[in-house]
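*Asks:* Questions regarding the structure given below will be posed in turn.
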Amino acid sequence: MLGTTPKDINLGLVTNGSAGWKTVRSRWESDLAVYAPTLHHIDEHWRSLASVTERFGPKSVGHALAGRAAARAAINAGARVILLSTLQNAPFAPLEKGVQYIVYGDCTSGQLAANYGGKKLGPPGSWICARIRRLKEHGCMFLCMSHWYRDALRNEFEIPEDQLQFLPFYVDTEKWKPNANKAQNARKQVLFIGGDLARKGADIVYELARLDKFKDVDFHIVSPDAEAGSRNLHPHRDLRAESPDLIRLTAECDLFILPTRADTSSIAALEAAACGLPAIITGRGGIAEIVVDGVTGTVLSESKLDAFEKELSAYLGDPALLAQRGQCARRHVEQNYSKTRHMEILHGAITRAAASVRASKACVDSARGVVRDTPNVAEDATQLPSGERCDRRPTSTPRILSGQV
């Protein structure tokens, strides 16, 4: 059936609302409205399961069961293509004929255990994660926020290349952009954004603000748990994700700093880069793909005060370096993390999943002797609202900038 409209796909959005994934959810629910998807929030199912799973088992059990419950709700609501985040919610997803999954993630549970706890994943988490191979055999498409994560899927689960798709998250560069009328303050402005202050390394930023050499620098801490510190440190407890006030503050700053001790990706670093801020950041997870060391900022190996102090001094003492790397940061986001690029890849993944569902149905009908138009999966296409046909897999390799703007 060629020329299928988005609404005919029967898309279900099954999404995780923790941390930065809440931003993914809110943007997708808006950006994918053309499909009229059914919406299913995993955390609503998690709350009903938590009293049991948190008491008698590890969190991985509850996350997997909540993902299964939300996916089942999507199927019961008529979804035939299910876009699900994250991988940790996918192991027990109900696999049915005529239903195809697209799973978006930023790390495997093995990476999560090593990155956040410094240990190897053991049972029951390892047993639960082994069930990801069910999804692979079912033909699931795995969307990968970073190459770091994509490589882990290949190595840990032997996911074939044709089921892996690099899909970095995006920044709306029309909203997040440099302030053309930015005042040239004598005092430089340094920005930190993070919910979990201990994990994100906020203590290092507080220490930097106390140093006499930075007494004429303003440090902004954006977090619900931000506390008062030295006179040049400004806590912002009420700024919400993507709020106009947060966008305005980001664009007014000169440098982004994140001494994170455990991370997978950083949407805050992307948004700061879109506003023309170079970053000093720790290279955890896929962060080294967001901040290109020596081009759009500095990526440090450890969250240590002396290393961040040295880099901060270098940037504040060299306005030309600050400006050049800020321009490169903006360009890097425009080229590799744009909304247009993200949606092109995502529409393509949804279209391919829908074509697979239709092909499966045609095979079942053929076995039953029912005559229908059999779709050609390779040529099938979905008609988008713009009139364009979304039937090709876009190039997914990001462009790495040189040192020149």
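The values are calculated or read from the model by the stated rules, or taken from the named source; none is laboratory data. Computed from a predicted model, the values in this text were never measured in an experiment. Cβ placement follows ideal geometry from the backbone for every residue including glycine, while neighbour counts extend to all protein chains displayed.
*Asks:* Could you please find all residues in segment 234-265 being in a loop (DSSP other than H, G, I, E, B), without any contact (Cβ under 8 Å) to a residue 60 or more places away in the chain and within 26 Å of residue 307 (Cβ to Cβ)?
*Replies:* 259
*Asks:* Still on this structure, I have one more. Would it be correct to say that residue 150 is surrounded by fewer than 21 Cβ atoms within 10 Å (Cβ to Cβ), among the basic types (Lys, Arg), in contact with a Phe, Trp or Tyr (Cβ under 8 Å, 6 or more places away or on another chain) and under 24 Å from residue 42 (Cα atoms)?
*Replies:* no
*Asks:* Residue 307 - would you say it is in contact with a helix residue (DSSP H, G or I) (Cβ under 8 Å, 6 or more places away or on another chain) and assigned to a helix (DSSP H, G or I)?
*Replies:* no
*Asks:* While we're looking at this one, here's another question. Go through segment 210-269 and report how many residues are among the aliphatic types (A, V, I, L, M) and on the phi > 0 side of the Ramachandran plot.
*Replies:* Of the residues in segment 210-269, 0 are among the aliphatic types (A, V, I, L, M) and on the phi > 0 side of the Ramachandran plot.
*Asks:* OK, next. Filtering segment 246-264 down to residues that are surrounded by fewer than 20 Cβ atoms within 10 Å (Cβ to Cβ) and in contact with a helix residue (DSSP H, G or I) (Cβ under 6 Å, 6 or more places away or on another chain), which residue is modelled with the lowest pLDDT?
*Replies:* 262
*Asks:* Okay, moving on. If a residue must be in contact (Cβ under 8 Å) with a residue 40 or more places away in the chain, among the charged types (D, E, K, R) and farther than 17 Å from residue 168 by Cβ, how many such residues does segment 305-333 contain?
*Replies:* 2
*Asks:* Then there's this: Return yes or no: is residue 314 at pLDDT 95 or above, more than 30 Å from residue 112 (Cβ to Cβ), more than 20 Å from the chain's Cα centre (by Cα) and surrounded by fewer than 23 Cβ atoms within 10 Å (Cβ to Cβ)?
*Replies:* yes
*Asks:* Considering only residues that are modelled with pLDDT of 95 or more and surrounded by fewer than 17 Cβ atoms within 10 Å (Cβ to Cβ), look in segment 284-299 and name the one that is farthest from the chain's Cα centre (by Cα).
*Replies:* Within segment 284-299, the match that is farthest from the chain's Cα centre (by Cα) is 294.
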